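Engineer: I have a structure here, written as C-alpha cells, and I will follow up with some questions on it.
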Amino acid sequence: MKLASLKHGRDGRLVLVSNDLAWFTDAFLIAPTLQAALDDWDRLEPDLRALAESLEHGGVPRGRFHEREAAAPLPRAYQWADGSAYVNHVALVRQARGAEMPDSFWTDPLMYQGGSDGFLAPRDPIPLADESWGCDLEAEVVVVTSDVPQGVTREEALDCIRLVGLVNDVSLRNLIPAELAKGFGFVQSKPASALSPVFVTPRALGGRWADGKLKGELNVQLNGAEFGKADTGTDMTFDFGALIAHLAKTRALCAGTIIGSGTVSNRDADGGPGKPVSDGGLGYSCIAEVRTVETILRGKAETPFLKAGDTVRIEMLDDHHHSIFGAIEQTVAAV
C-alpha cells in the first residue's frame, strides 16, 4: 500500500497511490490526513488496504497522480529524529578532520532531534539565504511509527513501523562546527528537510524490507549526473528496530514519529573510502562525504557545496525500473 498527501491546507489530503505511481484515489472518507490514519491505524488500515486494492483493479474513482502536486506525506509531524546508522559515514568524516572515532559509536547509535514543524514537498526548492553556509544534500531512508511504548526492545520496535520512505535531510555544513562546539546539538545548521512523494507499507515492499532494513540502490543525481548509488541494506550498523528502541529508551513515542537512517554510506569493495560513480564506485549520498574522501586522498576538499541553481534528485527504483517512493527533485533557490 502506497500513501501520499496532495497539497491541501496545512496537513495535506490523504490519497492512496497505485503501485506504479500512475493513479490516486481519495481516502478522505476513511481518514482526511495521513496523521489521522496513523492515529487510528489498527482500525483504519484494513479499509485503506481494501481501497488500495480497488484502486489497482480500477474499481474506484481515480485521477492521475502527479508528483509535483504532492505535499510531503506528513507536511508537519509530531516528531522527527535522525540517526546515523551508517557508521562508515561518521568514521570517514572524523578521519578527515583528524578526530578519534570512539568505540561506542559502533554499539550506541548517534541521534539528534530535528525540526518537524514543516517538511518540504518533494518538488519544493531548497531555500538558501547564504551560500557560505555550505548547503548539502543527505539522501536517507525514513520510517514512520505507530505509538511506541517506552522501553521497547528492538524486536518490539520493528512491529511499530508503519511506513517507509526517503528524505533529503538538508544540512548547512559550515554552521555545524560552531553549533556542536557549544555542546548542545544542531539547530540553525538543520533547516527543513524534504520527504519523498509516497510512503510505502513494509508489507508492500516485499523482499526489499527485511530485518528492519530497506534494501536497494539509492540513486542520487546532482545536476543530472550520477552522484551516488549506495545500497541501503549494506553497511547499516543499526537497523530501524535498534534506532526506534534507542529513541524510546526513556520516553514513549507518538504515532507519526519519523525516524531517519542518517546518510546512506557504503565502503568500497576493498574496505576503504568509497569511490565516485565515474571511477566505478558506488559514489556518495552527500557532498560532505566526497569532500572527506578528497581530503583523505589529496589533502583538501575539491567538490563545492550546493549553490543557487543546483538540482538534486533522490530516488529508488524497483526491479522493473519503476520508482518505488517517487522522486525527491529539488533546485536550490536564493532567498
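Engineer: Can you name every residue in the range 281-300 that is open to solvent by 40 Å² or more (accessible area, probe 1.4 Å) and within 25 Å of the chain's Cα centre (by Cα)?
Structural biologist: L282, R291
Engineer: Considering only residues that are among the small types (G, A, S), open to solvent by 20 Å² or more (accessible area, probe 1.4 Å) and assigned to a loop (DSSP other than H, G, I, E, B), which ones fall in the range 85-110?
Structural biologist: Step one: of the range 85-110, the residues among the small types (G, A, S) are 85, 91, 96, 98-99, 104.
Among the residues that remain, those that are also open to solvent by 20 Å² or more (accessible area, probe 1.4 Å) are: 91, 96, 98-99, 104.
Passing the criteria: G98, A99.
Engineer: Identify, from the list E69, E56, the residue that is surrounded by fewer than 19 Cβ atoms within 10 Å (Cβ to Cβ), over 24 Å from E140 (Cα atoms) and of a type in the set (D, E). Lay out the reasoning, then the answer.
Structural biologist: Working: E69 fails: over 24 Å from E140 (Cα atoms).
When all the criteria are applied, what remains is E56.
Engineer: Let me ask something additional. Yes or no: the range 36-56 includes at least one residue that is of a type outside the set (A, V, I, L, M), within 16 Å of F199 (Cβ to Cβ) and not in a helix (DSSP H, G or I). Let's see the steps before the verdict.
Structural biologist: So in the range 36-56, the residues of a type outside the set (A, V, I, L, M) come out as 39-43, 45-47, 49, 53-54, 56.
Then drop every residue that is not within 16 Å of F199 (Cβ to Cβ), which leaves 39, 41, 45, 49.
Narrowing the set further to residues that are not in a helix (DSSP H, G or I) leaves none.
So far as the range 36-56 goes, no, none of its residues is of a type outside the set (A, V, I, L, M), within 16 Å of F199 (Cβ to Cβ) and not in a helix (DSSP H, G or I).
Engineer: Still on this structure: Could you figure out which of (1) under 25 Å from the mean Cα position of the chain (by Cα); (2) farther than 24 Å from D169 by Cα isn't true of A50?
Structural biologist: A50 satisfies every listed condition except (1).
Engineer: Only one residue in T331, T303 is open to solvent by 30 Å² or more (accessible area, probe 1.4 Å), in a strand (DSSP E or B) and either of a type outside the set (K, R) or in contact with a Leu (Cβ under 6 Å, 6 or more places away or on another chain) (or both), so which one is that?
Structural biologist: Of the residues listed, the single one that is open to solvent by 30 Å² or more (accessible area, probe 1.4 Å), in a strand (DSSP E or B) and either of a type outside the set (K, R) or in contact with a Leu (Cβ under 6 Å, 6 or more places away or on another chain) (or both) is T331.
Engineer: Over 24 Å from A72 (Cβ atoms), of a type in the set (G, A, S), without any contact (Cβ under 8 Å) to a residue 60 or more places away in the chain and open to solvent by 10 Å² or more (accessible area, probe 1.4 Å): is that true of A245 in this structure?
Structural biologist: No; evaluated as a whole, the condition is false for this residue.
Engineer: Still on this structure, I have one more. Conditions first: (1) more than 18 Å from the chain's Cα centre (by Cα); (2) of a type in the set (D, E); (3) closer than 24 Å to G216 by Cβ; (4) surrounded by 15 or more Cβ atoms within 10 Å (Cβ to Cβ). E315 passes all but one, so which condition is the exception?
Structural biologist: Every condition holds for E315 apart from (1).
Engineer: Among the residues of the range 219-237, is there at least one that is of a type outside the set (V, I, T) and assigned to a helix (DSSP H, G or I)?
Structural biologist: no
Each row is one residue, and each column tells you yes or no for (1) closer than 23 Å to W80 by Cα; (2) within 16 Å of the chain's Cα centre (by Cα); (3) touching a residue at least 40 places away in the same chain (Cβ under 8 Å); (4) surrounded by fewer than 24 Cβ atoms within 10 Å (Cβ to Cβ).
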site: K213; (1), (2), (3), (4): yes, yes, no, yes
site: G228; (1), (2), (3), (4): no, yes, yes, no
site: M236; (1), (2), (3), (4): yes, yes, yes, no
site: D239; (1), (2), (3), (4): yes, yes, yes, yes
site: C254; (1), (2), (3), (4): yes, no, yes, yes
site: T257; (1), (2), (3), (4): yes, yes, yes, no
site: V264; (1), (2), (3), (4): yes, yes, yes, no
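Engineer: I've got another one for you. What about A31, is it open to solvent by less than 50 Å² (accessible area, probe 1.4 Å), out of contact with any Cys (no Cβ under 6 Å at 6 or more places or on another chain) and either basic (K, R) or part of a loop (DSSP other than H, G, I, E, B) (or both)?
Structural biologist: yes
The values are calculated or read from the model by the stated rules, or taken from the named source; none is laboratory data. Treat the numbers as computed from the prediction; the structure is a model and nothing was measured. Cβ atoms come from the backbone with ideal geometry, glycine included; neighbour counts cover every protein chain shown. Accessible surface is based on the protein model in full, side chains and every heavy atom, while ligands, DNA and RNA are left aside. Shrake-Rupley method; radii C 1.70, N 1.55, O 1.52, S 1.80 Å.
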